[in-house]
Amino acid sequence: MHEISLVQGLLHQLKELAKEHKSSRIITITMEIGPLSGVVIDSFRFGFDILSADDDLVRGAKLIVQIPPVTYTCTECGHKETTVGKKPGECLKCRELFLIHEGGEELMLRQVEME
Ligand SMILES: [Zn+2]
């Protein structure tokens, strides 16, 4: 599962942050995961639950996942469609299949609350 290694990367990043801020416990983590990042959010959460249970720094921390909206532009008629979830299969105006997206691939650590 590819998400496990992403969670490991996140935990590593959190350790560095905690060291910087001389913190020993992380309370809340806010991640932004784009719908086109290829990350399965349920698997990410699952991986987080497993790995964080074994880690003093993040045990019991709350993971908040934000899914940013993505704007798709039709290559045929220029129609723009913004969605928060799944990618539209075709242009809603002219049914063109090739849509260009702006963003949606982010996998970002947005905010960390620690004590
Ligand atoms: Zn179109």
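Each label was represented as a point 7 Å from its Cα along the Cα-to-Cβ direction; for residue 75 and residue 115 these points are 5.3 nm apart. Ordering 99, 27, 41 by Cα displacement along the dipole of the chain toward the positive end leaves 27 in first place; charges were set at the Cβ atoms of Lys, Arg (+1) and Asp, Glu (-1). By how many nm would the segment from residue 45 to residue 62 grow when fully extended, if each residue of separation counts as 0.36 nm and the alpha-carbon distance is taken off? Roughly 5.1 nm would be gained on extension.
Compared with the dominant principal axis of the Cα atoms in the chain, helix 41-52 is inclined by about 10°. Which is the longest stretch in the chain that no exposed loop site breaks, taking sites as trypsin sites (Lys or Arg not before Pro) with a DSSP loop state and at most 15 other Cβ atoms within 10 Å? So the longest stretch without any such site is 26-58. Please express the Cα-Cα pair-distance distribution P(r) of the range 64-109 as a list of whole percents, one per 10 Å bin, running from 0 to the bin with the greatest distance. Calculated P(r), rounded to whole percents: 29, 49, 17, 5.
P(r) tail, the chain: Cα-Cα pairs separated by more than 24 Å, 38% of all pairs. Here the spin labels are modelled as points 7 Å beyond Cα on the Cα-Cβ line, and at residue 53 and residue 27 they lie 2.5 nm apart. When you filter the GluC sites (Glu not before Pro) in the range 18-101 for DSSP loop state and at most 16 other Cβ atoms inside 10 Å of their Cβ, you are left with 76, 90, 96. In straight-distance terms, cross-link reach from residue 86 covers every one of the lysines whose alpha-carbon lies under 26 Å from its own, apart from those fewer than eight places away in the same chain; here that gives 62.
The alpha carbon radius of gyration of the range 1-56, expressed as a multiple of 2.2 N^0.38 Å, is 1.16.
Quick note: the coordinates plus some simple rules give every number you see, no bench work behind them. If you're wondering where the values come from, they're calculated on a predicted model, not measured in any experiment. Cβ sites come from the backbone with ideal geometry, for glycine too, and all protein chains shown count toward neighbours.
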